[in-house]
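Participant: Mind looking over this structure? Questions follow.
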Amino acid sequence: MKNRSLYFGDNLEILRKKIPDESFDLIYLDPPFNSNRDYNVLFKEGLQDSPAQIKAFEDSWHWNRESKQNFDHLVTKTNENISNLMLALEKTVGHNDMLAYLAMMTVRLIELHRVLKKNGSLYLHCDPTASHYLKIALDVVFGKENFRNEIIWHYRRWTAKANKFQRLHDTIFFYTKSDHYTWNQLYAPYTEGSLERKKHTLHRFKGEEKHLVSETKEEGVPENDVWQIPFIPPSSKERLGYPTQKPEALLERIVRASSKEGDWILDPFCGCGTTVSVAEKLGRKWVGIDITTLAINLIKYRLRNQLGIGKKQIYTDGLPTDLAGAKELFKKDPFEFEYWALDLVNAMPAKSKSKGNMRGADKGIDGVIVFHKDLANGSGNGNGNGKGEYGRAIVQVKGGGVQRNQIAALKGDVEREKAEAGIFITLEKPTGPMASEAVDAGSFKTKLTGQKEFPKIQIMTVEELLRGKIPDLPQGLIKNYYKEAKPIGTQEKNPKQVKLYFL
């Protein structure tokens with residue numbers, strides 16, 4: 001494994017085939033559950049639901065042939081304790097979505113136990129929907145004697161009225177692999193009242209008061225198992241648009257308590273990458289696994305924008321690196337092929353029809369590239385007090401056969417949406433008539449680039465993109481399509497300019 005690694009694919013398959021025994025010092029996971037479809041949506045505001053992720057977990061959430069195979073494997077191919085657990089769950093919950101989910105999670109917990117070092121720790125983050133069942137599964141896989149804490153993460157947020165107490169917490173189960181595990185005691189600062197009482201008690205010891213105040217502020221009291229950490233508000237600079245994003249403060253507490261600098265951290269459901277971002281910031285080595293290219297791409301942008309980690313410094317496994325791999329991805333999953341291709345040109349996936357005025361992905365608009373046309377106040381950096389102008393290039397991705405009328409249709413989409421340009425990405429080679437149609441579309445200019453002209457319609461093959469070719473747009477001025485994560489310790493000069501842009 002390399003120090004910074006992102007794996008695209010099903011984490012069970014990746015764990016079984018690519019991760020050696022006892023590789024990690026700390027594992028954190030926040031697995032999805034279909035109690036609410038929000039668990040399954042990437043970029044809730046503005047972007048499409050991820051069909052690949054929906055498809056990937058659909059079988060795990062429903063009792064069908066595949067989930068029964070998982071269940072049968074656990075009953076017949078594992079040890080007696082796990083077999084008895086699954087049979088007991090079958091009698092308790094029946095053949096339904098919950099049993100399918102628990103079978104899916106248990107086979108993964110077995111693999112996570114295998115790849116955890118003997119002195120390692122695992123933190124499983126969940127809500128009350130299935131936490132009681134997951135606790136039993138953890139007891140069986142890790143041993144009930146290795147249960148350390150049920151941590152309550154308490155937060156405040158707006159809630160709807162209901163005939164019950166408002167739910168304002170999540171549960172995090174803390175397990176270790178043995179009695180000998182890494183543990184760094186964390187301290188919560190003393191309250192001012194506690195400091196005053198201690199000072200009063202020890203006032204008779206001459207010269208000790210200053211020492212006491214200094215010592216107690218450095219250490220405080222040992223941290224307890226109820227963590228008061230604010231939920232990330234929608235307006236926070238930390239928020240990236242990912243619906244189940246967890247605050248960095250939460251992961252920092254876990255990483256600091258159960259690992260040391262240079263240790264290996266794993267997040268097998270890494271989502272928007274909070275775990276790997278915190279691991280990077282605290283000097284740990286890390287591996288993240290996710291089943292959608294949207295998440296993999298978001299993490300790369302997050303690490304670059306927030307911590308200055310370039311794409312070439314991150315090892316990515318499972319995504320195409322050549323034309324044959326691209327064709328295989330398209331054959332396996334056209335949706336993920338589309339998201340992967342859009343990332344090659346730094347394009348934002350399009351809105352779905354139900355979310356706005358963007359047409360569906362198979363009707364002409366798969367993504368959009370946003371770039372500067374003019375910078376505010378002519379400052380040259382886009383951070384002035386005025387509002388800069390942005391241009392847009394519509395992107396269409398095709399993995400199958402292509403023909404001239406598709407270019408004509410893209411021209412029409414560009415005109416209708418009043419966009420500056422259109423980018424046509426194709427897995428197959430374009431025809432001569434397609435190239436002629438693109439040339440006939442003409443060109444455009446921007447205030448920033450003066451008399452330089454850019455093609456109105458551009459056809460790019462996947463093979464060209466893999467060789468490093470980029471769209472002929474105002475380079476150096478193209479905006480990232482993800483909400484920008486600010487570098488640590490910097491302040492935002494113009495908050496209005498940090499946002500997502502849509503057609």
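Only the coordinates and a few stated rules stand behind these numbers; no lab work does. Quick caveat, the model's predicted, so the values are computed rather than measured. In this analysis, Cβ positions are derived from the backbone assuming ideal geometry, glycine residues included, and neighbour counts consider all displayed protein chains.
Participant: First select every other residue whose beta carbon is under 12 angstrom from the beta carbon of Glu453; then total the charges, Lys and Arg +1, Asp and Glu -1.
Facilitator: Its environment carries a net charge of +1.
Participant: What does the charge count around Lys429 come to, taking other residues whose C-beta lies under 11 Å from its C-beta (Lys +1, Arg +1, Asp -1, Glu -1)?
Facilitator: Combined, the nearby Lys, Arg, Asp and Glu give -3.
Participant: How big is the gap, in Å, between the Cα center of segment 72-147 and the Cα center of segment 391-462?
Facilitator: Each part's Cα centre sits 51 Å from the other's.
Participant: Per residue of segment 133-143, in order, report the coupling 6.51 cos²θ - 1.76 cosθ + 1.60 (Karplus, θ = phi - 60°) as ³J(HN,Hα) in whole Hz, putting x for Gly and Pro.
Facilitator: 6, 5, 4, 5, 4, 5, 4, 6, 6, 9, x
Participant: Now, a different point. Where Lys and Arg each count +1 and Asp and Glu each count -1, what net charge lies around Val226 among other residues with Cβ under 14 Å from its Cβ?
Facilitator: Here the charged neighbours net out to -2.
Participant: Give a quick list of chymotrypsin sites (Phe, Trp or Tyr not before Pro) in segment 143-194 that DSSP marks as loop, anything other than H, G, I, E or B, with at most 15 other Cβ atoms within 10 Å.
Facilitator: Here the chymotrypsin sites (Phe, Trp or Tyr not before Pro) that fit, given the DSSP loop and packing criteria, are Tyr155, Trp158, Phe165, Trp183.
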